1. Report the residue count in the stretch 17-61 for those that are without any contact (Cβ under 8 Å) to a residue 12 or more places away in the chain and small (Gly, Ala, Ser).
2. Any residue at all in the stretch 252-266 that is surrounded by 24 or more Cβ atoms within 10 Å (Cβ to Cβ), within 13 Å of the ligand (Cβ to nearest atom) and not hydroxyl-bearing (Ser, Thr, Tyr)?
3. Would you point out the residue of the stretch 117-156, among those that are touching a Phe, Trp or Tyr at 6+ places or on another chain (Cβ under 7 Å) and hydrophobic (A, V, I, L, M, F, W, C), that is surrounded by the fewest Cβ atoms within 10 Å (Cβ to Cβ)?
4. Would you call residue 209 closer than 22 Å to residue 23 by Cα, touching a residue at least 24 places away in the same chain (Cβ under 8 Å) and not in a helix (DSSP H, G or I)?
5. Suppose we filter the stretch 196-221 for residues that are more than 12 Å from the ligand (Cβ to nearest atom) and of a type in the set (A, V, I, L, M, F, W, C); how many remain?
6. Only one of 106, 114 is in contact (Cβ under 8 Å) with a residue 60 or more places away in the chain and surrounded by 18 or more Cβ atoms within 10 Å (Cβ to Cβ); which?
7. Just one of 68, 76, 80 is of a type outside the set (Phe, Trp, Tyr), under 19 Å from residue 203 (Cβ atoms), touching a Lys or Arg at 6+ places or on another chain (Cβ under 9 Å) and touching a residue at least 12 places away in the same chain (Cβ under 8 Å); which is it?
8. Considering only the stretch 277-388, give the strands (runs of 3 or more DSSP E) lying wholly within it that have at least 1 residues that are more than 22 Å from the chain's Cα centre (by Cα) and farther than 24 Å from residue 189 by Cα.
Amino acid sequence: MRPETVAARGGRQTESVTRPLTPPIYQTNVFVFDDLATVDAVWEGERAGFVYGRFGTPNHAMLERMLATLEGAEAAVACASGMAASTAVCTAFLQAGDHLVAARDLYGSTTALLAAEGRRLGIETTFVDTTDIDHVRAALRPETRAVWVEALSNPLLRLADLDGLARALLPRGISLIVDASFASPAVLRPIEHGADLVIHSATKLLSGHGDVTAGIVAGPCGVVERVRASVIRLGASLGPFDAWLATRGLRTLYVRLERQCENALRLARWLESHPRVSRVYYPGLESHPQRALAVALVPTRAGAVVAFDLAGGRRAVETMMSRLALIEFAPSFGDVATTWSYPVATSHRGVPEADRRAAGVGEGLVRLSVGLEAVEDIIADLAGALAA
Ligand SMILES: *Cc1c(COP(=O)(O)O)cnc(C)c1O
């Protein structure tokens with residue numbers, strides 16, 4: 001072969017009787033076939049095989065299989081972000097004329113997706129306080145297709161009564177869609193509590209290392225295949241390297257969450273006893289307003305996120321920010337390092353003040369994403385900052 005041919009065709013294969021312990025990154029956007037029978041068989045799903053990057057690679061399949069198993073779901077589909085997952089669920093599930101009931105305190109971009117994009121597509125969403133099942137019941141219509149909640153809400157860590165909602169919806173054939181990004185299967189497995197479909201921003205706890213943006217949807221095979229078709233048509237696919245990173249992160253989910261939840265509970269207790277803190281929101285605390293539900297849904301680990309109100313409002317938050325030495329401000333959560341966020345300036349920035357206050361998100365509300373550090377160091381950092 002001439003050098004031009006070696007350059008164009010070389011470097012694609014090597015001989016080895018061993019295989020890697022850690023799967024390689026299939027950084028390819030297409031797969032090659034040896035005969036037309038295989039083309040037909042793979043295309044029709046009769047034989048396992050991969051076709052084209054946007055349709056998925058072995059890295060996607062490994063991530064999907066692991067997450068489906070952890071959620072107790074039949075199948076899962078990975079995609080480019082949590083929002084891509086939610087968008088694909090909408091397009092797979094809903095069409096013009098359909099109605100949706102959604103929690104009033106969903107993640108801001110999800111609210112915008114359902115309200116703004118939904119309206120353009122002729123899909124109407126009624127936002128209600130889904131912690132009250134009577135409010136959900138009252139909002140249902142003959143054309144209601146699904147109820148959309150978050151397992152643990154942002155930023156006040158309210159719980160959705162999944163079993164109660166599922167009991168109310170099942171006889172009417174309405175699906176329960178649960179965004180479990182704040183929980184992860186190490187904290188709560190929504191399918192065990194009657195959810196039909198679970199959505200994750202894998203950007204957060206599932207990946208856990210702040211180095212990837214990804215989403216995933218888990219549920220029954222038939223529904224997941226419809227969502228997968230949407231992901232492929234929307235072009236909302238994840239890249240193989242990001243799928244690989246998410247899989248790598250997911251391997252340590254349980255050890256991370258065990259430590260993070262333990263740290264979060266200790267921090268929540270410490271914050272509750274601090275004179276400058278007027279209120280702490282954490283499902284592991286006896287003071288959580290839905291304590292009985294919390295014991296039923298998250299009996300052993302109550303999540304890595306703790307929120308608290310500083311009595312001094314925005315000025316107290318600013319002072320705290322200027323004094324924190326270790327804990328950094330980062331408007332996300334789920335990292336191995338503890339970070340904090342300020343909902344009024346980030347996730348709830350676009351929410352009108354009256355609605356924000358009605359939702360209980362005030363000027364003194366701080367959201368902590370608790371990491372893997374020795375909790376004494378986190379407490380010391382906060383103690384110094386709050387003493388100011
Ligand atoms: C972050 C987040 C999303 C969106 O996920 P991206 O990966 O940023 O697209 C959706 N729902 C919840 C609850 C989130 O926290």
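1. Total meeting the criteria: 5.
2. Within the stretch 252-266, none of the residues are surrounded by 24 or more Cβ atoms within 10 Å (Cβ to Cβ), within 13 Å of the ligand (Cβ to nearest atom) and not hydroxyl-bearing (Ser, Thr, Tyr).
3. Among those that are touching a Phe, Trp or Tyr at 6+ places or on another chain (Cβ under 7 Å) and hydrophobic (A, V, I, L, M, F, W, C), it is 156.
4. Values: closer than 22 Å to residue 23 by Cα: yes; touching a residue at least 24 places away in the same chain (Cβ under 8 Å): yes; not in a helix (DSSP H, G or I): yes.
Yes, satisfied.
5. The qualifying residues number 3.
6. From the options 106, 114, the qualifying one is 106.
7. On the way: 68 fails: touching a Lys or Arg at 6+ places or on another chain (Cβ under 9 Å); 80 fails: touching a Lys or Arg at 6+ places or on another chain (Cβ under 9 Å).
Among 68, 76, 80, only 76 is of a type outside the set (Phe, Trp, Tyr), under 19 Å from residue 203 (Cβ atoms), touching a Lys or Arg at 6+ places or on another chain (Cβ under 9 Å) and touching a residue at least 12 places away in the same chain (Cβ under 8 Å).
8. Answer list for the stretch 277-388: 277-281, 305-310.
Only the coordinates and a few stated rules stand behind these numbers; no lab work does. Being a predicted model, the structure only gives us computed values, none of them experimental. Here the Cβ is made from the backbone with ideal geometry for all residues, glycine too, and neighbour counts use every protein chain on show.
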